[in-house]
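Engineer: This is the structure I want to talk about, given as structure tokens.
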Amino acid sequence: MGDDDLRQGGKVLPITRWGEPVMHEQTRPVTEFDDELRQLARDMFATMRAAQGVGLAATQVGLDLALFVFECPDDDNKIHHGAICNPTVTLPTGKERNLEASEEGCLSFPGAYESLARPDKATCTGVDVWGEPVTVEGAGFLARCLQHETDHLNGTVFGDRLSSRSRRKLDERQAAVAHLYPADWPVSPRKAAADD
């Protein structure tokens, strides 16, 4: 069994939005590596794909569990995928630390993007859904994804990292498109905008 097994057979779940308590609190560590956990990972992969995302944390399906899934390209456009429990992200320091500003969005605040500077490299360690140690090293977009999803499990949404001015712009952008996303999105698809 491997990650490929997790990327099929899942059910699409509604995505939890910013403002719900689970999105802003520290998660519980995963301690049971059983079929139920693996089915949750399958459902999260299915949900992430339906929403056209590259990562999804358990908080985003309403669970306070330290698990995220990802299917994300790196700098060379190679797709990396997996499910990581109890992740810790290590970022470069000193001369090795290079911040890269890029547009960032969140499936739990759909349709809105804002530029955020993050370190361009990250190493994420944890265990997989079988309880085996896993390490993922990422650069560029993959590094951003690893940081974004681990933040979710620590109760941080990327809007928390923005300046108040940038956060206001993000909130305005999301308010303008919020009506396109049903409450149970992506179970129910995004509505077409008038200019689509």
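The values are calculated or read from the model by the stated rules, or taken from the named source; none is laboratory data. This one's a predicted model, so the numbers in the text were calculated from it and none came from an experiment. Note that each Cβ is placed from the backbone with ideal geometry, even for glycine, and that neighbours are counted across all protein chains shown. To get the accessible areas, we keep the full protein, side chains included, count just its heavy atoms, and leave off ligands, DNA and RNA. Shrake-Rupley method; radii C 1.70, N 1.55, O 1.52, S 1.80 Å.
Engineer: Condition first: touching a Pro at 6+ places or on another chain (Cβ under 6 Å) and either over 21 Å from Asn98 (Cα atoms) or modelled with pLDDT of 95 or more (or both). Can you find one or more residues in the stretch 169-183 that meet it? Talk me through it step by step, then tell me what you get.
Structural biologist: Going residue by residue through the stretch 169-183, those that are touching a Pro at 6+ places or on another chain (Cβ under 6 Å) are 181.
Pick out the ones that are also either over 21 Å from Asn98 (Cα atoms) or modelled with pLDDT of 95 or more (or both) and you get 181.
Yes: the stretch 169-183 contains one or more residues that are touching a Pro at 6+ places or on another chain (Cβ under 6 Å) and either over 21 Å from Asn98 (Cα atoms) or modelled with pLDDT of 95 or more (or both).
Engineer: Just to be sure before I move on: is Ala112 touching a Gly at 6+ places or on another chain (Cβ under 8 Å), within 17 Å of Val54 (Cα to Cα) and free of Cβ contacts under 8 Å to residues at least 60 places away in the same chain in the structure I sent?
Structural biologist: No; evaluated as a whole, the condition is false for this residue.
Engineer: Could you say which residue among Leu107, Leu91 is more than 14 Å from Val157 (Cα to Cα) and of a type in the set (A, V, I, L, M, F, W, C)?
Structural biologist: Leu91
Engineer: Something else about it: For Leu40, are the conditions met, namely being over 18 Å from Arg144 (Cβ atoms) and either of a type in the set (Ser, Thr, Tyr) or in contact with a Cys (Cβ under 6 Å, 6 or more places away or on another chain) (or both)?
Structural biologist: It is false that Leu40 is over 18 Å from Arg144 (Cβ atoms) and either of a type in the set (Ser, Thr, Tyr) or in contact with a Cys (Cβ under 6 Å, 6 or more places away or on another chain) (or both).
Engineer: Right, here's the next one. For Arg173, state whether it is assigned to a helix (DSSP H, G or I), open to solvent by 70 Å² or more (accessible area, probe 1.4 Å) and closer than 17 Å to Leu107 by Cβ.
Structural biologist: Against the criterion (assigned to a helix (DSSP H, G or I), open to solvent by 70 Å² or more (accessible area, probe 1.4 Å) and closer than 17 Å to Leu107 by Cβ), Arg173 qualifies.
Engineer: Is it the case that Ala117 is in contact (Cβ under 8 Å) with a residue 12 or more places away in the chain, more than 14 Å from the chain's Cα centre (by Cα) and either crowded, with 21+ Cβ neighbours inside 10 Å or over 28 Å from Lys78 (Cα atoms) (or both)?
Structural biologist: no
Engineer: If I filter the stretch 16-27 for residues that are charged (D, E, K, R), touching a Ser or Thr at 6+ places or on another chain (Cβ under 6 Å) and either in contact (Cβ under 8 Å) with a residue 60 or more places away in the chain or not in a helix (DSSP H, G or I) (or both), do I get at least one hit?
Structural biologist: Step one: list which residues in the stretch 16-27 are charged (D, E, K, R), which gives 17, 20, 25.
Still in the list and also touching a Ser or Thr at 6+ places or on another chain (Cβ under 6 Å): 17.
After this cut, where a residue has to be either in contact (Cβ under 8 Å) with a residue 60 or more places away in the chain or not in a helix (DSSP H, G or I) (or both) as well, the list is 17.
Taking every residue of the stretch 16-27 in turn, at least one turns out to be charged (D, E, K, R), touching a Ser or Thr at 6+ places or on another chain (Cβ under 6 Å) and either in contact (Cβ under 8 Å) with a residue 60 or more places away in the chain or not in a helix (DSSP H, G or I) (or both).
Engineer: In contact with a helix residue (DSSP H, G or I) (Cβ under 6 Å, 6 or more places away or on another chain), surrounded by 12 or more Cβ atoms within 10 Å (Cβ to Cβ) and among the hydrophobic types (A, V, I, L, M, F, W, C): does that describe Phe109?
Structural biologist: So Phe109 passes the test.
Residues checked against (1) within 19 Å of Asn77 (Cα to Cα); (2) in contact with a helix residue (DSSP H, G or I) (Cβ under 6 Å, 6 or more places away or on another chain); (3) at pLDDT below 95; (4) surrounded by fewer than 20 Cβ atoms within 10 Å (Cβ to Cβ):
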position	(1), (2), (3), (4)
Thr123	yes, no, no, yes
Gly131	no, no, no, yes
Val134	no, no, no, yes
Gly140	yes, no, yes, yes
Gln147	yes, no, no, no
Arg161	no, no, no, yes
Ser164	no, no, no, yes
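Engineer: So which residues in the stretch 60-90 are part of a strand (DSSP E or B), among the hydrophobic types (A, V, I, L, M, F, W, C) and open to solvent by 30 Å² or more (accessible area, probe 1.4 Å), if there are any at all?
Structural biologist: Across the stretch 60-90, the qualifying residues are Ile79, Val89.
Engineer: With a cut-off of at least 3 residues that are in contact with a Lys or Arg (Cβ under 8 Å, 6 or more places away or on another chain), name the strands (runs of 3 or more DSSP E) lying wholly within the stretch 91-160. Give the steps one after another, and end with the answer.
Structural biologist: Working: elements: 99-105, 113-119, 121-127, 133-139.
Correct list: 99-105, 113-119, 133-139.
Engineer: Let me ask something else. Could you list, in sequence order, the residues of the stretch 13-53 that are open to solvent by 50 Å² or more (accessible area, probe 1.4 Å) and either among the β-branched types (Val, Ile, Thr) or on the phi > 0 side of the Ramachandran plot (or both)?
Structural biologist: Gly19, Thr31, Gln52
Engineer: Condition check: more than 16 Å from the chain's Cα centre (by Cα) and of a type in the set (Ser, Thr, Tyr). Does Thr88 satisfy that?
Structural biologist: no
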